[in-house]
Amino acid sequence: MSHFIDQFTTTIPGVRVRFGAGVRHKVAEEMAAMGLTRALILTTSQQADTGAEFAALLGARAAGVYANATMHTPVAISEEATARALELRADCLLAVGGGSTTGLGKAIAWRTDLPQIVVPTTYAGSEATGILGQTEAGRKTTLTSPKVQPEVILYDAELVRSLPVGMTVTSALNAMAHAAEGLYAQNRSPISTLMALEGLRAFRDALPRVLDNPADLHARGETLYGAWLCGTVLGTVGMALHHKLCHTLGGSFDLPHAETHSVILPHAIAYNEQAAAAELAPIAEIFGGATPGQALHGFARRMQAPTALRDLGLPESALDRATEIATQNPYWNPRPVQAEALRRLLQNAWSGAAPAA
Ligand code: NAD
């Protein structure tokens, strides 16, 4: 059992975090506590209704709504939204949505230093990091700065209930990937490991219950708890082969973010399971399996996650090029990244085969 409880508030250095079903109703209170009076509400066009709900909730504290957050944080959109924030004299940003919306808030904060309040509606975990990924002319760049770290996070289980079941599963595996790679990060600490293991346990316990009943608020809250822990790990330690492969497949082959994480995770962990045997052993215990890679593969299958890159639209002919790109400027990884072994990994992930060490 994880240590999750339904309601709590905590402050980790520089970040105030509140959990609770309905906690979105505290946005005005949080703004008042920081002396803020005019929030620019950010969301996607798909979640425009949620943006409007927040505008109604904030009344005079809402400076406006920008409902055009876009996947991969294109610089042109960030500049347009920044101009809107300045024109409306917003004194803070309220991002309501998944990683794309949070990314837009961070991009505006990077340009203006405006404080950010984030209300996450997926498990991507971006709200818990000082990392900003942006794209311009088809190129994705990443920067890390305290300037982009959101100041307040409100985790409201009621808002994540609307996340469709398929996205719930892939988004959860996206979060779990941060924790799994955090276990062997070079700069890990006992605290990052505790957070990673607790985050993985929260998903193991709560995700099946969410799939049984997507409206179960306690289970939804527990998955958000997992997302916060896994996101905090991502913001604290370096990532390795798994994230490099996902960035390659997303950046160069336009594969969808969370689905790609879901497919690759068991394979990347299997690749590293001998080089980081002690660090990864708890994964086999938590999810039940002969090896950490098999344990994650089994969990993903039980959750009916996608397990093959070919089902995400990647042609088999792209695997050689993907191997080439993924071996250029590799991230540090516990096992050296060898082209031949990586090509085998990608072949297995492409066809949906079981992961091999
Ligand atoms: P997303 O934010 O792109 O959301 C996908 C779609 O789902 C959008 O249309 C969104 O409006 C919709 N949606 C979100 N929550 C919903 C809900 N509760 N109900 C109904 N619809 C909902 O997807 P994501 O996976 O959360 O984020 C992916 C992006 O985040 C990627 O660009 C990734 O690079 C980035 N990311 C960044 C970091 C970081 O630390 N910088 C960390 C993780 C992810």
For this session: Would you look at the GNM of the chain, springs on alpha carbons closer than 10 Å, and say which of M239, M167, M195 moves the most?
Result: M167
Seminar exercise, completed: With Cα coordinates, the longest principal axis of the chain makes an angle with the long axis of helix 217-236, in degrees rounded to 10, of 80 degrees
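What whole-number volume per residue, in cubic angstrom, does the convex hull of the C-alpha atoms of the chain give?
For the chain, the hull spanned by Cα atoms encloses 118 Å³ per residue.
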For this session: With 5 Å bins from zero, work out the P(r) of segment 28-69 over every alpha carbon pair and list the percent per bin.
Result: 7, 27, 29, 21, 12, 5, 0
For this session: Round to a whole angstrom and tell me the spacing of the C-alpha centers of segment 53-103 and segment 140-185.
Result: 19 Å
Exercise. In degrees between 0 and 90, to the nearest 10, how far off the longest principal axis of the chain does helix 292-302 point, with axes built from Cα atoms?
Worked result: 60 degrees
Exercise. Rounded to the nearest whole Å², what accessible area per residue is found for the chain with the 1.4 Å probe?
Worked result: 39 Å²
Problem set entry | Sequence-distant residues sharing a close amide H with V65 (under 5 Å, placed H) | I41
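Determine the share of the chain's accessible area contributed by carbon and sulfur atoms, expressed in whole percent, with a 1.4 angstrom probe. Before the final figure, lay out the partial values.
Working: 7330 of 14000 Å².
On the chain, the fraction of accessible area on carbon and sulfur atoms equals 52 percent.
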Seminar exercise, completed: Heavy-atom accessible area of H261, protein chains in place, probe 1.4 angstrom, given in Å² to nearest 10, is 0 Å²
For this session: Return one number: the angle in degrees, 0 to 90 and rounded to the nearest 10, between the long axis of the Cα atoms of helix 48-58 and the longest principal axis of the Cα atoms of the chain.
Result: 40 degrees
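Hey, could you grab the Kirkwood Rh for segment 17-174? Inverse mean 1/r over distinct alpha carbon pairs, Å, one decimal. Provide the component values of the computation, followed by the final result.
Values: mean 1/r = 0.0654 Å⁻¹.
It works out to 15.3 Å.
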Exercise. Counting alpha carbon pairs within less than 8 Å and at least 6 residues apart, what relative contact order, in whole percent, applies to the chain?
Worked result: 14 percent
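The values are calculated or read from the model by the stated rules, or taken from the named source; none is laboratory data. Fair warning: this is a prediction, and the values are worked out from it, not measured in the lab. Calculation scope for accessible area: heavy atoms of the full protein, side chains included, ligands and nucleic acids excluded. Shrake-Rupley method; radii C 1.70, N 1.55, O 1.52, S 1.80 Å.
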